[in-house]
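The values are calculated or read from the model by the stated rules, or taken from the named source; none is laboratory data. Since this is a predicted model, take the numbers as computed values, not measurements. Backbone-built Cβ (ideal geometry, glycine too); neighbour counts: all protein chains shown. The protein model used for the area step is the full one, side chains on, heavy atoms only, and it has no ligands, DNA or RNA in it. Shrake-Rupley method; radii C 1.70, N 1.55, O 1.52, S 1.80 Å.
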Amino acid sequence: PCAPLSPQVGSYRDISFESLSLFRLLAPQIEILVLGTGDRVERLHPTILKQMRECGIAVEVQDTPNACATFNFLTTEKRLAAAGLIPP
């Protein structure tokens, strides 16, 4: 069962398994999600990361400038990646 889409994320505190539902619906399925949490790296609740792994999606959390660079690198390697970015 899919949760309703809720892309309304203003800060890393708003990131939840539900708010990441869009990334689980992408086809083909992504293998890695790069999350940029603004000016600095913020810790997400371990349960969110575990739930995403159980869906087959690795999550990399970085500050947004580095997340952009990582996403660009992954796509040049033809990896199935997506990015969720909170502006710094």
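The mean accessible area for residues of the chain, using a 1.4 Å probe and ignoring ligands and nucleic acids, is 62 Å² per residue. The HN-Hα couplings worked out from phi for region 51-64 by the Karplus form 6.51 cos²θ - 1.76 cosθ + 1.60 (θ = phi - 60°) are 4, 5, 4, 5, 8, x, 10, 7, 10, 10, 9, 9, 5, 4 Hz, whole numbers, x standing for Gly and Pro.
Here the peptides 26-38, 44-56, 64-76 are ranked by packing, the mean other Cβ count within 10 Å, and the order with the highest first is 26-38, 64-76, 44-56.
Close amide H pairs (under 5 Å, H built 1.01 Å from N) link Glu60 with Leu33, Val34, Leu35, residues at least 5 positions away or on another chain. The phi torsions of region 70-82, fed into the Karplus equation with coefficients 6.51, -1.76 and 1.60 and a -60° offset, translate into couplings of 5, 4, 4, 4, 4, 6, 5, 8, 6, 7, 7, 10, 9 Hz, rounded to whole numbers, with Gly and Pro shown as x. Site pair Asn72 and Cys55 shows an inter-label distance of 2.7 nm when each label is modelled 7 Å from Cα along Cα→Cβ.
With contributions of -39500 (n - 2.57) from each DSSP H run of at least four residues, the per-residue ellipticity at 222 nm computed over the chain stands at -8500 deg cm²/dmol. So, with a 1.4 angstrom probe, what is the percent of accessible area on region 12-85 that is carbon and sulfur? Carbon and sulfur atoms account for 54 percent of the accessible area of region 12-85. Under a 5 Å amide H cut-off, with hydrogens placed 1.01 Å from N, Val41 pairs with Asp63 among residues at least 5 apart or on other chains. What is the extension gain from Leu80 to Leu25, computed as 0.36 nm multiplied by their sequence separation minus the C-alpha to C-alpha distance, in nm to one decimal? Stretched out fully, the Leu80 to Leu25 stretch lengthens by 18.5 nm.
Remark: relative contact order (the chain) = 34 percent; criterion is Cα-Cα distance under 8 angstrom and separation of 6 or more residues.
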